Amino acid sequence: MAKYITRRVFYMFITFFLIATATFFLMKALPGSPISSASKLSPTQLAVVEAKYGLDQPIPVQYAKYMLNLAQGDLGNSFQFKNASVTDLIIDRLGPSMLLGTQGLVLGVAIGILLGMIAALRQNTIWDYGSTFVAIIGISIPSFVFATFLQYWLAVEWKIFPVGLWKDGWVSSVLPSIALAMGPLATASRFIRTEMIEVLSSDYITLAKSKGATGFEVAFKHAFRNALIPLVTVLGPLAAGLLTGSLVIEQIFAIPGIGEQFVKSIMSNDFSIIMGTTLFFSAFLIVVIFLVDVLYGIIDPRIRLSGGKD
Amino acid sequence: MEKILEVNDLELSFHTFAGEVKAIRGVNFDLKKGETLAIVGESGSGKSVTTKAIMRLLPESSSEFKNGQILFNGKDLTKLSDKEMQKIRGKDISMIFQDPMTSLNPTMTIGNQIMEPILKHQKVSKTEARKVAVDLLRLVGMPKPEARIKQYPHQFSGGQRQRIVIAIALACNPQILIADEPTTALDVTIQAQILELMKDLQKKIDTSIIFITHDLGVVANVADRVAVMYGGKIVEIGTVDEIFYNPQHPYTWGLLSSMPSLDTAEAKLYAIPGTPPDLLYPPKGDAFALRSDYALKIDLEEAPPFFKVSDTHSAATWLLHPDAPEVEPPLAIVERMKKFPGSRYYEGTEGGTY
Ligand SMILES: Nc1ncnc2c1ncn2[C@@H]1O[C@H](COP(=O)(O)OP(=O)(O)O)[C@@H](O)[C@H]1O
Ligand SMILES: [Mg+2]
């Protein structure tokens, strides 16, 4: 197991390095720079500013410098926020985003699993159709539509939750988390339904029944854990979906999260924040995928062993 | 001998999109205490459905008992509630399945899987149940049972897994053990080992066994009596000797002729021509008539009733009707019959019956 984890961590660093490199050159290949949008500068002033940020140097040199700084956890300085360090800016904004993402994922997956289980166990009944309906809505309607809908009814009309901002503590996170949860909810319920139905018709379930297991025991002691396995594999992509989803949701609820800052930076071509946030997102996903694999091994004993010696 | 199970006129259908599949079309047999009854027949003849009906393991939504009874210790199993059935499954009647690679839960240790029926049906502590599980594993010939009990199914070979499934089935000393082709999915050497184990257990434990197989070669080895099944019906039933040496139904003749044996090894193996009937539209008369060289006109019109050959032997074929013409069975069958006292071709000197 230790050997497996060491190997995985090594690959994680390689992956991150490649993503950093690719992002850097992609950014360089884009037209425009943070300074070019400030058209008031004269050519000489422009040259001075460029020199200050090292933008006048050849690209390989810039790349080497960037990577060296990155290795020390320094993502450079922002162009728009008074030269604040990008690392600090991201960390400041991390709290709200993390809370929204985690709540959205946990809520969505938990309710999705529940709906999927009900649908599978009450196949072709009103429960099943209801759960299918919810899933179709969750998949086909983008989260920002839910967001505005929730915002309008629960906040503006009925005033149960704040309309936006991050000032009322935890209640501020409720509506955006629900909006974010819809996607994972739909995906999880579909996966669990399909897999539960499949698992429930497998031989080992028949064997469990032949031992005298009750319907409840069959569903939860035998089928559930096996039905979770494919869902675990999509948890990574689901988490990724939440990242991009939260970019928009944070805008709608005016939440000072990492996504909101990211969108603003794209508008103003703030190169170092875009780079920093992208890399942060990548690192986050790499870690999530790793954790998912570990979780996979915990749920499925067949994986546990093939990872290396226990 | 005391009857422990009685299946009377059982009829069962599946409701499918294509229509009603009449999988069981009037099955009668009984099982006596301590005996092994083999059910043989080509695949699709309804062997598994019959036994799953006894265990009530068929999907409730699509299967329907149309007629008949399954009497177990006087109770009609077709009438029991789910709850009542759960008390019987695994305790009084248990089952071994065909494919050991898929019949164990991959995410549960085998110890827990063996302990489950024990904890369910007996008032014992977990520690006691674990001890029983270890003993069971030892009984089915698993080396180092104490260590292996903590492992998962994927850490065992096919043969070992079937041993585990057998251990699970035996956990509560069932009165009836149903083995549905327990060796079919295994390779030949392992097949022999598992059969050996089953025969061994048969002697050690006092359980009635229903042994399903499509392989007649296995039957002679394990069974006391044989029921031959075809097209959702039992067409012939008798003791092993009666079925092997005095068969009456043309389908049984076909099955016996297609059985490889040492002396026919060089000859081309016989295969019954044609395919089993489509149970969506079961034929009117004898379901085997269309594939049979011995079919009479009436076979196409009316299903034959059971004709008694001896107290223990009966067959559903019009050939046994007093008015039926005398037909000569295939040569290999006649050869067999020559060895059976009581058959019309008997060449020995012993008395007519035995
Ligand atoms: N769940 C089911 N739904 C519809 N038809 C079924 C079902 N299970 C079995 N059958 C049909 O019942 C017949 C008997 O099958 P089975 O008992 O499995 O045969 P075997 O003798 O090989 O064990 C087959 O024609 C099969 O197609
Ligand atoms: Mg079968």
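The values are calculated or read from the model by the stated rules, or taken from the named source; none is laboratory data. This is a predicted model, so every value here is computed, not measured. A quick note on method: Cβ atoms are made from the backbone with ideal geometry, for glycine too, and the neighbour counts reach across all protein chains shown. Quick note on the areas: whole protein, heavy atoms, side chains included, nothing else; ligands and nucleic acids left out. Shrake-Rupley method; radii C 1.70, N 1.55, O 1.52, S 1.80 Å.
Please give the per residue accessible area of chain A, computed with a probe of 1.4 Å over protein heavy atoms only, in Å².
Solvent-accessible surface per residue comes out at 51 Å².
Averaging sequence separations of C-alpha pairs under 8 Å and six or more residues apart, then dividing by the length of chain B, give the relative contact order as a whole percent.
18
Starting from the amide H of B:Lys32, placed 1.01 Å from N in the peptide plane, find each other amide H under 5 Å away whose residue is 5 or more places distant or on another chain.
So B:Lys32 has HN proximity to B:Ile4.
Using just the C-alpha positions of the protein assembly as shown as equal point scatterers, what log10 of I(q)/I(0) does the Debye formula give at each q in 0.08 1/Å?
The computed values of log10 I(q)/I(0) come out as -0.77.
State the Cα centre-to-centre distance between region A:190-207 and region B:128-148 in whole Å.
The distance from the Cα centre of region A:190-207 to that of region B:128-148 comes to 29 Å.
Divide by every residue of chain A the summed helix terms, -39500 (n - 2.57) for each DSSP H run of at least 4, and state the resulting mean residue ellipticity at 222 nm, rounded to the nearest 500 deg cm²/dmol.
Helix-only estimate at 222 nm: -24000 deg cm²/dmol.
Tell me the carbon and sulfur percent of the accessible area for the protein assembly as shown, rounded to whole percent, probe radius 1.4 Å.
The C+S portion of the solvent-accessible surface of the protein assembly as shown is 62 percent.
Using the Karplus curve 6.51 cos²θ - 1.76 cosθ + 1.60 with θ = phi - 60°, work out ³J(HN,Hα) for each residue of region A:228-245 in order, rounded to whole Hz, and write x for Gly and Pro.
Taking θ as phi minus 60°, the curve returns 6, 3, x, 5, 4, 5, 9, 4, x, x, 4, 4, 4, x, 5, 4, 5, x Hz for region A:228-245.
Tell me which aspartates and glutamates have Cα within less than 17 Å of A:Lys65's Cα, excluding those fewer than 8 residues away on the same chain?
A:Glu50, A:Asp56, A:Asp74
From the phi of every residue in region A:190-199, what ³J(HN,Hα) in whole Hz does the Karplus formula 6.51 cos²θ - 1.76 cosθ + 1.60 yield, where θ is phi - 60° and glycine or proline is x?
Residue by residue, region A:190-199 yields 5, 4, 5, 4, 4, 6, 4, 4, 4, 4 Hz.
Taking Cα atoms, how many degrees apart are the long axis of helix A:271-299 and the longest axis of chain A, rounded to 10 and kept between 0 and 90?
Orientation of helix A:271-299: about 20 degrees from the principal axis.
If you plug each phi of region B:223-240 into the Karplus form 6.51 cos²θ - 1.76 cosθ + 1.60 with θ = phi - 60°, what whole-Hz ³J(HN,Hα) values come out, in order, with x for Gly and Pro?
Each residue's phi maps through the Karplus curve to give 9, 8, 10, 10, 10, 9, 10, 8, x, x, 9, 8, 9, 7, 9, x, 6, 3 Hz.
Could you compute the FRET efficiency for A:Trp170 and B:Lys87, with r as their C-beta to C-beta distance and R0 at 41 Å, rounded to 0.05?
0.25
Of all the stretches in chain A, which is the longest one without any exposed loop site, taking trypsin sites (Lys or Arg not before Pro) in a DSSP loop (any state but H, G, I, E, B) with at most 13 other Cβ atoms within 10 Å?
Longest gap between qualifying sites, sites excluded: A:168-308.
Considering only protein heavy atoms, with the full assembly of protein chains and a 1.4 angstrom probe, order A:Phe224, A:Phe17 by accessible area, largest first.
My answer, sorted largest first, is A:Phe17, A:Phe224.
Going down the list B:Lys52/B:Lys120; B:Lys33/B:Lys199; B:Lys52/B:Lys126; A:Lys211/B:Lys75; B:Lys91/B:Lys308, which pairs span over 27 Å between their C-alpha atoms?
Listed pairs above 27 Å: B:Lys52/B:Lys126; B:Lys91/B:Lys308.
Can you list the residues of region B:88-112 whose accessible area drops by at least 30 Å² going from the chain on its own to the full set of protein chains, with a 1.4 Å probe?
At a threshold of 30 Å² (probe 1.4 Å), the residues of region B:88-112 that become less exposed are B:Arg89, B:Phe97, B:Thr102, B:Ser103, B:Asn105, B:Pro106, B:Thr107, B:Met108.
When we measure straight from the Cα of A:Lys264, which aspartates and glutamates land under 20 angstrom away, once same-chain ones fewer than 8 places off are left out?
Output for A:Lys264: A:Asp88, A:Asp92, A:Glu250.
Calculate the length of the line joining the C-alpha centroid of region B:185-225 to that of region A:88-154, in whole Å.
Here the two parts' Cα centres lie 54 Å apart.
If r is the Cβ-Cβ distance from A:Val61 to A:Asn83 and R0 is 25 Å, what FRET efficiency results, to the nearest 0.05?
Working from the Cβ atoms, E equals 0.75.
Rounded to the nearest 100 Å², what's the accessible area chains A and B bury against each other, both chains counted, probe 1.4 Å?
Chains A and B together bury approximately 2100 Å².
Under a point spin-label approximation (7 Å from Cα along Cα-to-Cβ), what is the B:Ser43-A:Asp92 distance to one decimal in nm?
In this crude spin-label approximation the distance works out to 6.9 nm.
Considering only DSSP states other than H, G, I, E and B, which GluC sites (Glu not before Pro) in region B:58-136 qualify as loop sites with at most 15 other Cβ atoms within 10 Å?
Answer by residue number: B:Glu60.
With r as the distance between the Cβ atoms of A:Arg225 and A:Thr44 and R0 = 60 Å, compute the FRET efficiency 1/(1 + (r/R0)^6) and round to 0.05.
Approximately 0.30, to the nearest 0.05.
Determine which aspartates and glutamates satisfy two conditions relative to A:Lys3: a Cα distance under 16 Å, and not lying fewer than 8 residues away in the same chain.
Hits, sequence-local ones excluded: A:Asp293, A:Asp310.
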